Amino acid sequence: MAKRSFLIPGVDKRLLIKDSIKTMPDVSRRRFIAGGASLGALTLLTGCDVIDSSSAEEMLKTVSKFNDAVQDFIFNPDALAPTFPESAITKPFPFNAYYDLDDAPDVDGADWKLEVRGLVDNKKSWTLPELYKLPQVTQITRHICVEGWSAIGSWTGTPMRDFLKLIGANTRAKYVWFQCADKDGYNSPLDMRTALHPQTQMTFKYAGEILPRAYGFPMKIRVPTKLGFKNPKYVVSMEVTNDYKGGYWEDQGYNSFSGS
Ligand SMILES: Nc1nc2c(c(=O)[nH]1)N[C@H]1C(S)=C(S)[C@@H](COP(=O)(O)O)O[C@H]1N2
Ligand SMILES: [Mo]
């Protein structure tokens with residue numbers, strides 16, 4: 001890649017990197033540091049925004065925006081997440097949500113339908129028996145939560161990319177946006193590149209059994225290349241869209257790329 005020099009009036013390069021690092025979630029921060037934590041990495045994709053910023057404050061406002069770009073640049077989202085043997089599975093696997101388990105959605109599988117919206121040829125809703133008929137695979141991967149824990153589990157379901165193909169999704173759209181059954185709402189956008197990643201899964205089973213309520217019955221999206229909050233449970237709809245619609249944690253400042 002071409003070497004460029006950057007002139008940012010009023011901004012101390014080292015402070016800029018330091019402040020940028022502070023805004024990153026722990027996992028990204030560790031990776032960013034391991035990846036060299038250079039101003040070059042930080043500025044390359046932000047180009048003029050960074051160079052033209054005349055104050056550190058303005059600069060830092062763009063940091064959370066370009067954390068996405070930086071991570072996309074440094075970490076290859078197409079790389080496979082590590083898989084593990086059954087003996088490595090964490091027992092019991094933790095439940096986590098922004099509420100207690102008693103308050104988790106109690107979805108009636110007989111009534112539930114997955115709604116499909118947006119840039120797709122076939123907007124038909126899918127019942128659970130219809131989805132269960134799709135080819136499924138099992139993956140044992142690590143789930144990493146920003147709250148500082150990780151656990152290895154076994155998830156079975158249909159690769160998201162197969163389903164996107166089946167419904168005639170426009171895979172040049174930017175996002176697949178998921179909405180969940182949680183009482184106060186939970187949603188999350190997934191960048192299309194990650195939605196098409198071979199390990200991104202529409203998950204129907206945990207440890208070989210129908211997904212229990214705790215882990216997102218009837219369907220969760222398992223994304224082993226992303227942090228836990230980018231793995232929506234109790235999913236009720238998915239929308240293929242070019243609009244960034246935000247998400248439960250994303251709107252509270254968590255970076256939307258959030259790779260693991
Ligand atoms: N619908 C919904 N999905 C969600 C959450 C939530 O609160 N509601 N929490 C997220 C977070 S932060 C984590 S770590 C994982 C936890 O999944 P688990 O309960 O299967 O461990 O679910 C993610 N998906
Ligand atoms: Mo999490």
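Quick note: the coordinates plus some simple rules give every number you see, no bench work behind them. Just so you know, these numbers come straight off a predicted model, no measurement behind them. FYI the Cβ positions are ideal-geometry reconstructions off the backbone, even for glycines, and counts take in every protein chain you see.
Excluding T141 itself, calculate the net charge of residues whose Cβ lies under 12 Å from the Cβ of T141, where each Lys or Arg counts +1 and each Asp or Glu counts -1.
Once all neighbours under 12 Å are counted, the net charge is +3.
Which value, in debye to the nearest 20, describes the size of the charge dipole of segment 76-119 about its Cα centre when Lys and Arg Cβ atoms bear +1, Asp and Glu Cβ atoms bear -1, and nothing else is charged?
So the dipole magnitude of segment 76-119 works out to roughly 280 debye.
Just add up the charged neighbours of G168: K/R +1, D/E -1, any other residue whose Cβ is under 15 Å from the Cβ of G168.
Computed value for this residue: +3.
Please give the length that would be gained between T138 and I89 if that part of the chain were fully extended, namely 0.36 nm times their separation in residues minus their C-alpha to C-alpha distance (nm, one decimal).
Extending this stretch completely gives an extra 16.3 nm.
Sorted by average packing, counted as other Cβ atoms within 10 angstrom per residue and highest first, what order do 150-156, 115-121 take?
150-156, 115-121
Among 123-129, 188-194, what's the highest-first ranking by average C-beta atoms within 10 angstrom per residue?
Numbers: 123-129: 14.3, 188-194: 21.3.
Result, highest mean Cβ count within 10 Å first: 188-194, 123-129.
Excluding D184 itself, what net charge comes from residues whose Cβ is under 13 Å from its Cβ, given Lys and Arg +1 and Asp and Glu -1?
Net of charged neighbours comes to -2.
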